[in-house]
Amino acid sequence: MKRNFTVLLTILICSVTACQSGQKKDRNMDQETKLKIETTAGDIIVKLYNETPQHRDNFIKLAEEGTYEGTLFHRVIKDFMIQAGDPESKNAPKGKMLGAGDVGYTIPAEFVYPKYFHKKGALSAARQGDNVNPKKESSGCQFYIVTGKVYNDTTLLGMENQMNQNRLTTVFNALAQKHMKEIYKMRKENDQDGLMNLQDSLFAQAEAEVAKQPEFHFTPEQVKAYTTVGGTPHLDGEYTVFGEVIEGMDIVDKIQQVKTDRSDRPEEDVKIKKVVVLD
């Protein structure tokens, strides 16, 4: 395991070198808000969670303003998810790369985990990657609905082990970031012994820090969902889940079956006609 961190130090250096709300109408928020997403493939009804109020209010605002009217499901990956909400997808010509459009703002992450997770039918916010978005802030408009796949107990156990290992890597990288000047200097001087000693020291610190935290395990609710209806467990705690499909999952499944091009855009447009708040 320790040998892998020597590689991580090198990768970390390369990555560092390479790098780069609105008002809502008065409504009763004691009950969960339901919305109908009318698409050219059929209607999907979702409910929004009150525990993610900023995402809830923003989605309602955009629906009432008509922001989603005419936008496409521009990214569709079978057994994973269907994504929509890019304003630039309106009337987009065939072959145009989509997914970079926004509304000029982001929304702070609202993780209500493990209560809400990426089971099939979860409504979640898309976002930019961690390298430019370390706080995991959500796109102001783009969202996706999880389709995913069904996992067995053995696979989930393996994922738990991998997630625990990833925590160690994350802590190690954070510690290494604090020693970048020192690492650069030793690499420039070809001081391999110094690098190995620093690596061992940081690895020991990372192990001690991770040992203070409880190991990651899926909850019984997650295990039940992921081994029956399915989902995308590797996205948990990384993207905000702010609602779920309550009707029309057959339409979601229908959309995920469409033929797509190399950029995962459906060859035949699947369009959102409008999003309606249901009273």
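The values are calculated or read from the model by the stated rules, or taken from the named source; none is laboratory data. It should be emphasised that the depicted structure is a prediction, and the values quoted were computed from it without experimental measurement. Here the Cβ positions follow ideal geometry from the backbone for every residue, glycine too, while neighbour counts run over all protein chains shown. Calculation scope for accessible area: heavy atoms of the full protein, side chains included, ligands and nucleic acids excluded. Shrake-Rupley method; radii C 1.70, N 1.55, O 1.52, S 1.80 Å.
Only residues that are modelled with pLDDT under 95 and open to solvent by less than 40 Å² (accessible area, probe 1.4 Å) were counted across the stretch 237-262, and they come to 1. State the number of residues belonging to the stretch 219-229 that are touching a Phe, Trp or Tyr at 6+ places or on another chain (Cβ under 7 Å) and surrounded by fewer than 23 Cβ atoms within 10 Å (Cβ to Cβ). So the answer is 2.
Ala109 falls short on exactly one of the conditions (1) assigned to a helix (DSSP H, G or I); (2) small (Gly, Ala, Ser); (3) farther than 13 Å from Cys141 by Cα, and that condition is (1). Taken over the stretch 174-197, the criterion of being part of a helix (DSSP H, G or I), acidic (Asp, Glu) and exposed (fewer than 11 other Cβ atoms within 10 Å of the Cβ) is satisfied by Asp193 alone. If I filter the stretch 157-167 for residues that are touching a Gly at 6+ places or on another chain (Cβ under 6 Å) and within 25 Å of Thr240 (Cβ to Cβ), do I get at least one hit? For the stretch 157-167, residues touching a Gly at 6+ places or on another chain (Cβ under 6 Å) and within 25 Å of Thr240 (Cβ to Cβ): absent.
Looking at this structure, is Leu157 over 24 Å from Arg262 (Cα atoms), not polar (S, T, N, Q) and not assigned by the TED database to the domain that holds Thr40? It is true that Leu157 is over 24 Å from Arg262 (Cα atoms), not polar (S, T, N, Q) and not assigned by the TED database to the domain that holds Thr40.
Of everything in the stretch 94-104 that is loosely packed, with under 14 Cβ neighbours inside 10 Å and touching a helix residue (DSSP H, G or I) at 6+ places or on another chain (Cβ under 9 Å), the residue that is nearest to Lys224 (Cα to Cα) is Ala100. Applying the condition of being of a type in the set (Lys, Arg) and surrounded by 14 or more Cβ atoms within 10 Å (Cβ to Cβ) to the stretch 112-137 and asking which residue is nearest to Asp253 (Cα to Cα) yields Lys120.
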